[in-house]
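Notes follow once the structure below has been shown.
Every number in this text was worked out from the coordinates using simple rules, so none of it is lab data. All values reported here derive from a predicted model rather than from experimental measurement. Glycine also receives a Cβ, built like all others from the backbone with ideal geometry; neighbour counts cover every protein chain displayed.
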Amino acid sequence: METPQLSPSLAEGRNVIKRYCDGLPHTPGVYRMIDTNGNVLYVGKAKSLRNRVSSYINTAALNGRLQRMVAQTASMEIVTTRSEVEALLLEANLIKKFSPRYNILLKDDKSFPYIFFSGDSEYPRISKHRGPKTKKGKYFGPFVSAHAVDDTITLLQKAFLLRPCADSIFKHRTRPCLQFQIKRCSAPCVNKITPEQYDELVKQAQAFLSGKSRQIQDALVTEMQELSLKMDYEKASTIRDRIRAITQMQQQQGMITGAVGDADIIACERNETEACIQLFSFRGGRNYGNRTWFPAHTAGFSEAEIIAKFMGIYYQTQPVPPLILVSHVLEESELIEEALRLNTDYKVEVAHPLRGDKRELLEQVLRNAREGLVRHMSMNASQRVVMEGVQKLFGLDDIPQRIEVYDNSHIMGSDAVGAMIVAGQQGFMRNAYRKFNIKREGTVPGDDYAMLREVLTRRFRKVQESEESNAIVDAGKPDLILIDGGAGQVSAAMQAFEELGIQGLVYAGIAKGPDRNAGREQFFIPGREPFQLPPDDPVLHFLQRLRDEAHRFAIGAHRDKRSKSMRTSELDAIPFIGPGRKKALLHHFGSVKAVASASMEDIQKVEGISKSTAKLIYEHFHGASD
């Protein structure tokens, strides 16, 4: 039987590997395969370097992916290690450093958020924190989902009445804000609570996050009963509301959290071309959220291999819990446990449960991985690239599922309308569009910033109300908010969200460039310098399309309102004011409200309005003069 002829490149690559094999020891280590340009193609670890590397010489036994890798190999680098554990850790570090094209790679390794209690104030603030833990205070986490942090902070406010506002706002308040009115803050800013009482609330919240929810709830029940016996029903009702909020937090877990204390659950689902990793994190028995990854270069790897490589990269930067449940049996689970244990002072167990509550939890996570892969595959390639670009541009945890875009429309302040359009991975969600008639007292006609604050306040107050009643309104918080406008509009949005006490929203302004040229738009994000995207960037084109759709919808809503006001208004009740004179008045003054506040002399200046007619109009709004 003849040996099949190898392609010149494959034969040359095999010869390169063979030359290196001759001098390799039977000891643990890490090897790198490098192409002619010096780029690292692959990083691998081995229990025996000689045995592992020599396996690439038998090219007939390799799959197509590995044959391509061998054909591109021009040189190798070898590092021996003292143990297989050390080789495993070095492999993970080198993969992260070089991002080789034939290794499994994670596209997102940014830091995860924590809940932070500030330590430099008599009344500590509760907030979300991401990045180095350099501030004085206490940190709880990490949460693998920003939404999980935001939801937990909201519920902690309801249960423990802690302030979420920035110090600059806290120090200058003279009266309680909306958070006090809706029973989410104890208003320490205006001394509604003593420092000692507030400190006790902080300790209770921190104990709750540490897994002592049952003790806290029992203590509150006892306190409520004592207050009831003393007939202090007002304070007892406040404690009752706090108990309900704690119960809500426990009920919203939606999983059998009693089965685990501190644990991560990792599941993998794959098809011929793609793989989805789903991770759920639990701390103190509480669900700290979940995150989805779609690792690159997974073709040819099994689910167990993908999970093992994922763990090697993920736990380089994230805390390791004492228990890690995995959806597939890992061949090197003991080796992985030993490697993870190096940076902890406790035993780490990697387990694949087959029955019981832990298995039920694992099945739920695996189901999420399957659904995530289906959603991922439903997007075509170009759409996926764009949505991943949006995720990267705005620092989102995942590909956005819901993007809301806001714009206002009016003519010199008249018939003002705010508009919200919604887009998702499958395009515009027109059944979720909303329009807002500007109606708040004190909003000056034409004040775009005040109109935007009104729209955002009304929209996200509904989110708060839905959280209070456990209802779902407009699918909850969006993943991204775009505002048609620049730094002023972004500042107005920030004021609205701070007044509501809403944290964790990602929002940005998109402003037209000089001379309103398309392609020269500037983006404004809180905490970052304004920036532009290249004119040919597909992400820019996508964001322009969202902005233009919001503008179209806002103009349409404004025209509808103006047409309606032109057809029926208070002017119709005035004798001798027909459609022509009504149109002239509205065009001249802009609104019925402006007509009502005008002087008789100003009304008389309108074309087609005589002195006697001007008197009729004036007296209609102000009463007959003596």
Requested in this report: Pairs of Cα atoms under 8 Å, at least six residues apart: use those to get the relative contact order of the chain, whole percent.
Outcome: 9 percent
Report summary line: Note on the chain, DSSP bridge orientation, antiparallel percent to nearest 5 equals 80 percent
Query raised in the report: log10 I(q)/I(0), Debye, Cα-only the range 568-622, no solvent, q = 0.16, 0.23, 0.24, 0.28 Å⁻¹?
Result: -0.35, -0.80, -0.88, -1.32
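Quick one, can you get me the convex hull of the C-alpha atoms of the chain expressed as volume per residue in Å³?
Working: hull volume 137.5 nm³, N = 626.
Roughly 220 Å³ of hull volume per residue.
Kirkwood hydrodynamic radius, the range 275-373, all distinct C-alpha pairs: what's the number in Å?
14.2 Å
For the pairs Lys45/Lys392; Lys45/Lys309; Lys138/Lys212; Lys582/Lys615; Lys435/Lys582; Lys128/Lys477, flag any whose C-alpha to C-alpha distance is greater than 19 Å. Could the numbers behind the result be given before it?
Numbers: Lys45/Lys392 31 Å; Lys45/Lys309 11 Å; Lys138/Lys212 17 Å; Lys582/Lys615 15 Å; Lys435/Lys582 26 Å; Lys128/Lys477 16 Å.
Long pairs (Cα-Cα over 19 Å): Lys45/Lys392; Lys435/Lys582.
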Report summary line: the range 283-422: antiparallel bridges as % of DSSP beta bridges, rounded to 5, reads 75 percent
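Using a Förster radius of 22 Å, what is the FRET efficiency between Glu529 and Leu178 based on their Cβ-Cβ separation? Nearest 0.05, please.
Working: r = 31 Å, r/R0 = 1.43.
Calculated value: 0.10.
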Report task. Using label points projected 7 Å from each Cα along Cα→Cβ, tell me how many nm separate Ala207 and Asn93, to one decimal. Result -> 4.3 nm
Query raised in the report: Roughly speaking, what is the centre-to-centre gap between the range 122-187 and the range 59-92 when only Cα atoms are used, to the nearest Å?
Result: 48 Å
Requested in this report: Excluding residues on the same chain fewer than 8 positions from Lys171, give the lysines whose Cα lies under 16 Å from its Cα.
Outcome: Lys192
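Relative contact order of the range 260-378, please, whole-number percent, based on alpha carbon pairs below 8 angstrom and at least 6 residues apart. If you can, show how the numbers build up before the last one.
Values: 194 pairs, mean separation 36.7, N = 119.
Relative contact order here is 31 percent.
Using helices alone, I'd like the mean residue ellipticity at 222 nm for the chain: each DSSP H run of four-plus residues gives -39500 (n - 2.57), total over residue count, nearest 500. Could the numbers behind the result be given before it?
Values: 21 runs with 276 residues, N = 626.
Helix-only estimate at 222 nm: -14000 deg cm²/dmol.
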Report task. Subtracting the Cα-Cα distance from 0.36 nm times the residue separation, let me have the gained length for Asp35 to Arg341 in nm, one decimal. Result -> 106.7 nm
Requested in this report: Would you work out the relative contact order for the range 107-193, in percent, from Cα pairs under 8 angstrom that are 6 or more residues apart?
Outcome: 25 percent
Query - Theoretical gain in end-to-end length, Arg65 to Gln426 [0.36 nm per residue, Cα-Cα removed] - result: 126.7 nm
Query raised in the report: Spin-label point model (7 Å from Cα, Cβ direction): what's the Gln495 to Ala296 distance in nm?
Result: 4.4 nm
